[in-house]
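Asker: Below you will find the structure I want to go over with you.
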C-alpha cells in the first residue's frame, strides 16, 4: 500500500509539539495527541529516536503489553524519503527535506560530479574522502534545540547518541544510563537521544527476524528500568522510518539498462535519481517497465519537484541540482544497487526510502515517569 507523507501530521508535527511546549512557533502543525500530554510542566523532557522502529516493526515484533506498545499515542507519517539522513535531520531541524536539503544518503553534488555521503563526506562509489557538506556550509541548519535554548535560558540541553559521536554510548543500557545521569541535577533538562537500532539489525536479518526481536527486547528491558528510575520526566519516543524486506538488483548487471546511464544512480536504494544519456530516455523508461513492472513510481524531474513529496516551504538552493532525468520510488520489494567495479558491498535484506506504508508510518510514544 502506498502512503504519501502528510505534512500536516508527520514527524515534523512531533518537533512542532516540542517547540510549542517551550514557546517556539513552527511552520508545521503540532500533534494534538502529544500536545495534550505536554499540557503540564516536567522537570525533564527526553526525545528519543529509535532508528527504523516503524509501526510495522513495532506491531510485528512486540507484544501488545510491551512498554512501547502500551504507551503508543498515535502514528504519523515520516517525511519523504523515509530514511535516516532525511528524517533525523527533519526531526532536529523542524523543516522538511525540501527546505533543508537533506534528501538522502548520497545525493549528487555537481561540483564533485559524484554522489557524496552526507554524513561522511565520502564519494559513495569510490569512497574518496571529500569535504563534509556540513563543514562547507552547504547543508547547515539551525536545530530546534538551539531555538528552544535561545528563548529558555534556564533549560539544560543534552545530546545523547551512540559511540559514533564523542563520548557516545556503546550499548542501549549505556545510552539509558547517560539519559538518567543527564536528568540527575537541579535543572530542567531537555534531552535529544538517538539509538541506531533496530535499523542496523533489520538491514541484516529482515523486519521480523529473531535477531530483531532480541534487539527490541533489550531496548524494552532497559527502557523499563529507566522509567522506574526517573521522576517528573516525559519520554517521547518515535522513529525516523520503517522498513520492508527487499531483493537487491544491481543495475550494472543488466547491460541494457546500464548502457542508458550517464552516471551511477544517486540518493538512496528505493528513492533513486537517474541521469540518462542523451536520446535514451524513452528506451530507459521501457526497460524499467520490462524488468521491474508494478514495482515503482516514476517521475520526471519536473513532475517530482512539483509533487510536494519532499515537503513544503521554500526549496533549498541545491534541490534542483540533486536530480537527473528521472526519479524512481520503490512501491514493491526491489532495492536498486549499482557497482562501478563489480563488487557487492553492504548487502541488505531489508531497507527503506520507498513509499510503502511499512516504510512511511512511525509511532508516537509518550511515557510519563512519575
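Asker: Kindly establish whether residue 211 is out of contact with any strand residue (DSSP E or B) (no Cβ under 6 Å at 6 or more places or on another chain) and within 17 Å of residue 173 (Cα to Cα).
Answerer: no
Asker: In the set 148, 155, which member is closer than 27 Å to residue 32 by Cα and surrounded by 19 or more Cβ atoms within 10 Å (Cβ to Cβ)? Let's see the steps before the verdict.
Answerer: On the way: 155 fails: surrounded by 19 or more Cβ atoms within 10 Å (Cβ to Cβ).
148 is the lone residue from the list that is closer than 27 Å to residue 32 by Cα and surrounded by 19 or more Cβ atoms within 10 Å (Cβ to Cβ).
Asker: Related question: Assess whether residue 202 counts as being touching a strand residue (DSSP E or B) at 6+ places or on another chain (Cβ under 7 Å), within 24 Å of residue 92 (Cα to Cα), assigned to a helix (DSSP H, G or I) and not assigned by TED's automatic domain parsing to the domain that holds residue 276.
Answerer: yes
Asker: Anything in segment 125-158 that is in contact (Cβ under 8 Å) with a residue 60 or more places away in the chain and either in contact with a strand residue (DSSP E or B) (Cβ under 8 Å, 6 or more places away or on another chain) or part of a loop (DSSP other than H, G, I, E, B) (or both)? List them, or say none.
Answerer: First pass over segment 125-158, keeping only residues in contact (Cβ under 8 Å) with a residue 60 or more places away in the chain: 125-126, 138-139, 144, 147-148, 151-152, 155.
125, 126, 138, 139, 148, 152, 155 - these are the residues of segment 125-158 that are in contact (Cβ under 8 Å) with a residue 60 or more places away in the chain and either in contact with a strand residue (DSSP E or B) (Cβ under 8 Å, 6 or more places away or on another chain) or part of a loop (DSSP other than H, G, I, E, B) (or both).
Asker: Residues being assigned to a helix (DSSP H, G or I) and crowded, with 16+ Cβ neighbours inside 10 Å: count how many of those fall in segment 275-300. Explain how you work it out, then say what you get.
Answerer: Step one: list which residues in segment 275-300 are assigned to a helix (DSSP H, G or I), which gives 281-292.
Retained after the next criterion (residues that are crowded, with 16+ Cβ neighbours inside 10 Å): 284-285, 287-288, 292.
Total meeting the criteria: 5.
Asker: Please return the ranges of helices (runs of 4 or more DSSP H) entirely within segment 47-119 where 3 or more residues are over 26 Å from residue 179 (Cβ atoms). Lay out the reasoning, then the answer.
Answerer: Working: elements: 55-61, 67-70, 84-93, 97-100.
In segment 47-119, 97-100 are the helices (runs of 4 or more DSSP H) which contain 3 or more residues that are over 26 Å from residue 179 (Cβ atoms).
Asker: Taking the residues in segment 49-68 that are farther than 19 Å from residue 202 by Cα and touching a helix residue (DSSP H, G or I) at 6+ places or on another chain (Cβ under 9 Å) as candidates, determine which candidate is surrounded by the fewest Cβ atoms within 10 Å (Cβ to Cβ). Let's see the steps before the verdict.
Answerer: Restricting attention to segment 49-68, the residues satisfying the condition of being farther than 19 Å from residue 202 by Cα are 64-67.
Keeping just the survivors that are touching a helix residue (DSSP H, G or I) at 6+ places or on another chain (Cβ under 9 Å) gives 64, 66-67.
On the way: 64: 8, 66: 18, 67: 18.
That would be 64.
Asker: Answer yes or no as to whether residue 94 is surrounded by 24 or more Cβ atoms within 10 Å (Cβ to Cβ), more than 21 Å from residue 243 (Cα to Cα) and in contact with a helix residue (DSSP H, G or I) (Cβ under 9 Å, 6 or more places away or on another chain). Quick ask: steps written out before the conclusion?
Answerer: Working: surrounded by 24 or more Cβ atoms within 10 Å (Cβ to Cβ): yes; more than 21 Å from residue 243 (Cα to Cα): yes; in contact with a helix residue (DSSP H, G or I) (Cβ under 9 Å, 6 or more places away or on another chain): yes.
Yes: the conditions hold for residue 94.
Asker: So if I check each of 311, 332, which one is over 20 Å from residue 264 (Cβ atoms), in contact (Cβ under 8 Å) with a residue 40 or more places away in the chain, assigned to a loop (DSSP other than H, G, I, E, B) and in contact with a helix residue (DSSP H, G or I) (Cβ under 7 Å, 6 or more places away or on another chain)?
Answerer: Values: 332 fails: in contact with a helix residue (DSSP H, G or I) (Cβ under 7 Å, 6 or more places away or on another chain).
One residue alone meets the criteria, 311.
Asker: Suppose we filter 196, 232 for residues that are surrounded by fewer than 17 Cβ atoms within 10 Å (Cβ to Cβ), closer than 30 Å to residue 148 by Cβ and out of contact with any helix residue (DSSP H, G or I) (no Cβ under 7 Å at 6 or more places or on another chain); which single one remains?
Answerer: Residue meeting the stated conditions: 232.
Asker: Taking only segment 1-29 into account, find how many residues are within 19 Å of the chain's Cα centre (by Cα) and either part of a loop (DSSP other than H, G, I, E, B) or touching a residue at least 60 places away in the same chain (Cβ under 8 Å) (or both).
Answerer: Selection size over segment 1-29: 17.
Asker: If you check 181, 186, 221, which single one turns out to be free of Cβ contacts under 8 Å to residues at least 40 places away in the same chain, farther than 15 Å from residue 366 by Cα and assigned to a loop (DSSP other than H, G, I, E, B)?
Answerer: Details: 181 fails: assigned to a loop (DSSP other than H, G, I, E, B); 221 fails: assigned to a loop (DSSP other than H, G, I, E, B).
Every option except 186 fails the conditions.
Asker: Scan segment 159-178 residue by residue and report those that are surrounded by 16 or more Cβ atoms within 10 Å (Cβ to Cβ) and assigned to a helix (DSSP H, G or I).
Answerer: If the condition is that a residue be surrounded by 16 or more Cβ atoms within 10 Å (Cβ to Cβ) and assigned to a helix (DSSP H, G or I), then 172, 175, 176, 177, 178 are the ones that fit.
Per-residue answers, yes or no, for (1) modelled with pLDDT under 95; (2) closer than 30 Å to residue 23 by Cβ:
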residue	(1), (2)
62	no, no
69	no, no
86	no, yes
91	no, yes
104	no, no
110	yes, no
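Asker: Also, I was wondering about something else. Can you spot a residue in segment 324-342 that is out of contact with any strand residue (DSSP E or B) (no Cβ under 7 Å at 6 or more places or on another chain) and buried (at least 21 other Cβ atoms within 10 Å of the Cβ)?
Answerer: Checking segment 324-342: not a single residue is out of contact with any strand residue (DSSP E or B) (no Cβ under 7 Å at 6 or more places or on another chain) and buried (at least 21 other Cβ atoms within 10 Å of the Cβ).
Here's the yes/no breakdown for (1) over 26 Å from residue 101 (Cβ atoms); (2) in contact (Cβ under 8 Å) with a residue 12 or more places away in the chain:
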| position | (1), (2) |
| --- | --- |
| 249 | yes, yes |
| 253 | yes, no |
| 271 | no, yes |
| 275 | no, yes |
| 287 | yes, yes |
| 293 | yes, no |
| 307 | no, no |
| 326 | no, yes |
| 338 | no, yes |
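The values are calculated or read from the model by the stated rules, or taken from the named source; none is laboratory data. Just so you know, these numbers come straight off a predicted model, no measurement behind them. Positions of Cβ are backbone-derived with ideal geometry, glycine not excepted, and every protein chain shown enters the neighbour counts.
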